[in-house]
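Beneath this line is the structure, given in structure tokens, with notes to follow.
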Amino acid sequence: MFSNNPTSSISPEKNPLTLSILLLVTLGSLWGGMTALAKVVTTAGVPALGYAFWQTLGAGLILSITCIILKKPPPLSYKALRHYLIVGALGSAIPTTNLFYSLSKLPTGIVALVITTVPLFTYLLSLVVRLEHYDWRRALGISLGFAGSIILLLPESSLPSRDLVPFVLLAFISPLFYSINSIYVSKFQSLYIDPIHTATGMMLSSSFMLIFASLATDTFHPMWNNFELEDGLILLHMVLAAITFFMYFLLLRRAGPVYFSQVAFIVTLNAIMWGVFIFDEQHSLWIWLALALIFFGVALVNLGQKNNPLK
């Protein structure tokens, strides 16, 4: 609640909404910057699977050390291990590898625009599993969002090359799986599993899957051979991934999947900004129209959300 004293400060600890907004903005800004960082690494020739392995392993180890320091070891029951494997696959191994591969083929701004559709997928899936109820405004938002996606794909001059269309379609796998993971965590995660434990288990289980996948496909990246700038950026990504995935699960628990999905706005704007400044990316009017439609659609989806009491 707001204080009656206009000069009093409102700390996040005393205002759940303030903390949720702070988490949302910080998480979106970091993820937007990490998208540009990943673009640098992938365009330097680091394979997507090898990159994803190091990112998840490093983040998992950092979070594990944090748990040890806090004297809060992650639970290792069958139920907990199963949960870690599921979120590791749905929320990290599959969408992250796909995202890195997409960034190696597409402009940063295009990938960021695709990621903006996370709230649309989230609401649709929430309807399927009955976490949300039908609302005409949100249905309109879904329609506008997917109209924007069509505009992104169909016009001849929307993309720099028509050869990129298959890669754009492939990129949509990432927001779909991020949404599936958010729904799973919100519907099935035990309240007795701490967010830092979920993040730790997610990263380690994901790295376990990715090491075998990268070795099997001969795309493992040996960082110790000729350590270059991109390897230093991978180390930075490890730290940022540890921080952001802890924030991700904390925000999901506090505010729910639909509120959390608004982070896509901030991610997209940050990623497009970095794409313009770092990679000198230029986008057609079709892309900006698609972005406007998707943003407006996502706004309608979130506008129709019932007030969700923050924890």
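Coordinate-derived values only; no laboratory data. What you see is a predicted model; the values in this text were computed from it and never measured. Glycine also receives a Cβ, built like all others from the backbone with ideal geometry; neighbour counts cover every protein chain displayed.
The table below lists the values:
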{"item": "Relative contact order (%) - criterion: Cα under 8 Å, at least six apart; region: the chain", "result": "40"}
{"item": "Convex hull volume per residue for segment 19-303, taking Cα atoms only, in Å³", "result": "126"}
{"item": "Helical segments meeting 30 Å axial Cα length and Kyte-Doolittle 0.0 threshold in the chain (DSSP H)", "result": "16-43, 48-69, 195-216, 229-255"}
{"item": "Dipole magnitude of the chain, debye to nearest 20 (Cβ charges: Lys/Arg +1, Asp/Glu -1, about Cα centre)", "result": "1200"}
{"item": "Exposed chymotrypsin sites (Phe, Trp or Tyr not before Pro) absent: longest stretch of the chain, with sites in DSSP loops and at most 12 other Cβ within 10 Å deemed exposed", "result": "3-133"}
{"item": "Along the chain, longest interval not containing exposed GluC sites (Glu not before Pro), exposed being DSSP loop plus at most 11 other Cβ atoms within 10 Å", "result": "157-311"}
